[in-house]
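K.L.:
If you scroll down you'll find the structure; I have some questions about it.
The values are calculated or read from the model by the stated rules, or taken from the named source; none is laboratory data. Note that this is a predicted model, so its numbers are computed, not measured. Glycine also receives a Cβ, built like all others from the backbone with ideal geometry; neighbour counts cover every protein chain displayed.
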């Protein structure tokens, strides 16, 4: 979510209590692009006519032949000239946010520089294909002791081109999972870090349903959970 932003109106006009960060503007743009693809196409229209009045799109990136297809410019005295833009080259989409520029020309120039640098300096690496098993989660009292986890979409990261830096991935969930586990239910998250930087945090879903197991298997799970729970408490006190 946009945890550091506070919106007091829907226009973006100045308000002493209104706050938004560049990062969260990028997150909002990404959400619009992925969630409302049909509506997002409107951002790429160069012009339209309404009530016999011709309106031109003020986004300067659209005329630069760099694959730009949105989003929005802004200009108020308190924040200067700003822009949230997006472009696609060779199937790779980047989002740029600039603000605090002195002129509209500066806004266009700096946004273009950032996008062109981003396409040159970064590449997307796929970690898992769509539908591929990412990992497993343990299940308590089920007919199976573990359930496979998948992402709904391909899992990929944008990394510096040619980088050999190692990534660390963790599957986080509150477990063991209680039955019944429904196929497609969100049960965990995949968190990938590069050094101290969190580069990915996405939901993971159960790849299949798991129903309650036999009375004997549930009794064994209960004994195991009681034992491991005691060990966890002992370790936390040490």
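K.L.:
Any residue at all in the range 31-39 that's in a loop (DSSP other than H, G, I, E, B), in contact with a strand residue (DSSP E or B) (Cβ under 9 Å, 6 or more places away or on another chain) and free of Cβ contacts under 8 Å to residues at least 40 places away in the same chain?
P.N.:
no
K.L.:
Okay, moving on. From the set of residues in the range 144-164 that are under 22 Å from residue 129 (Cβ atoms) and without any contact (Cβ under 8 Å) to a residue 24 or more places away in the chain, which is farthest from the chain's Cα centre (by Cα)?
P.N.:
146
K.L.:
State all residues of the range 173-186 that are part of a loop (DSSP other than H, G, I, E, B) and touching a residue at least 24 places away in the same chain (Cβ under 8 Å); if no residue qualifies, say none.
P.N.:
173, 175, 176, 179, 180, 182, 183, listed by residue number.
K.L.:
Yes or no: residue 118 outside any strand (DSSP E or B) and at pLDDT below 95?
P.N.:
It is false that residue 118 is outside any strand (DSSP E or B) and at pLDDT below 95.
K.L.:
Check every one of the strands (runs of 3 or more DSSP E) wholly within the range 53-93 and list those with 3 or more residues that are touching a helix residue (DSSP H, G or I) at 6+ places or on another chain (Cβ under 9 Å) and either surrounded by fewer than 19 Cβ atoms within 10 Å (Cβ to Cβ) or outside the structural domain of residue 32 (by TED's automatic domain parsing) (or both).
P.N.:
On the way: elements: 53-56, 68-76, 80-89.
Because the criterion is at least 3 residues that are touching a helix residue (DSSP H, G or I) at 6+ places or on another chain (Cβ under 9 Å) and either surrounded by fewer than 19 Cβ atoms within 10 Å (Cβ to Cβ) or outside the structural domain of residue 32 (by TED's automatic domain parsing) (or both), the strands (runs of 3 or more DSSP E) in the range 53-93 that meet it are 68-76.
K.L.:
Limited to the range 144-164, what total is found for residues that are at pLDDT below 85 and either surrounded by 13 or more Cβ atoms within 10 Å (Cβ to Cβ) or at negative phi (or both)?
P.N.:
Pass one, the range 144-164, residues at pLDDT below 85: 162-164.
Imposing the further condition that a residue be either surrounded by 13 or more Cβ atoms within 10 Å (Cβ to Cβ) or at negative phi (or both) reduces the set to 163-164.
Result for the range 144-164: 2.
K.L.:
Moving on. Among the residues of the range 26-52, which ones are out of contact with any helix residue (DSSP H, G or I) (no Cβ under 9 Å at 6 or more places or on another chain) and loosely packed, with under 11 Cβ neighbours inside 10 Å?
P.N.:
Selection gives 35, 37, 38, 47, 49, 50, 51, 52.
K.L.:
So, in the range 124-138, of the ones that are assigned to a strand (DSSP E or B) and under 19 Å from the mean Cα position of the chain (by Cα), which residue ends up surrounded by the most Cβ atoms within 10 Å (Cβ to Cβ)?
P.N.:
For the range 124-138, the residue satisfying everything is 134.
K.L.:
Going residue by residue through the range 165-172, is there one that turns out to be in contact (Cβ under 8 Å) with a residue 40 or more places away in the chain, part of a strand (DSSP E or B) and either assigned by TED's automatic domain parsing to the domain that holds residue 187 or exposed (fewer than 15 other Cβ atoms within 10 Å of the Cβ) (or both)?
P.N.:
Yes, there is a match, as at least one residue in the range 165-172 is in contact (Cβ under 8 Å) with a residue 40 or more places away in the chain, part of a strand (DSSP E or B) and either assigned by TED's automatic domain parsing to the domain that holds residue 187 or exposed (fewer than 15 other Cβ atoms within 10 Å of the Cβ) (or both).
K.L.:
Related question: Is the range 166-186 home to any residue that is out of contact with any strand residue (DSSP E or B) (no Cβ under 6 Å at 6 or more places or on another chain), modelled with pLDDT under 80 and over 30 Å from residue 65 (Cβ atoms)?
P.N.:
For the range 166-186, residues out of contact with any strand residue (DSSP E or B) (no Cβ under 6 Å at 6 or more places or on another chain), modelled with pLDDT under 80 and over 30 Å from residue 65 (Cβ atoms): absent.
K.L.:
When you go through (1) in contact (Cβ under 8 Å) with a residue 60 or more places away in the chain; (2) on the phi > 0 side of the Ramachandran plot; (3) surrounded by fewer than 16 Cβ atoms within 10 Å (Cβ to Cβ) one by one for residue 141, which number turns out not to apply?
P.N.:
Here residue 141 clears every test but (3).
K.L.:
Somewhere in the range 187-195, is a residue outside the structural domain of residue 93 (by TED's automatic domain parsing), without any contact (Cβ under 8 Å) to a residue 12 or more places away in the chain, in a loop (DSSP other than H, G, I, E, B) and under 28 Å from residue 1 (Cβ atoms)?
P.N.:
no
K.L.:
Testing residue 220 on (1) modelled with pLDDT of 50 or more; (2) loosely packed, with under 12 Cβ neighbours inside 10 Å; (3) outside any strand (DSSP E or B), one condition comes back false. Which one is that?
P.N.:
(2)
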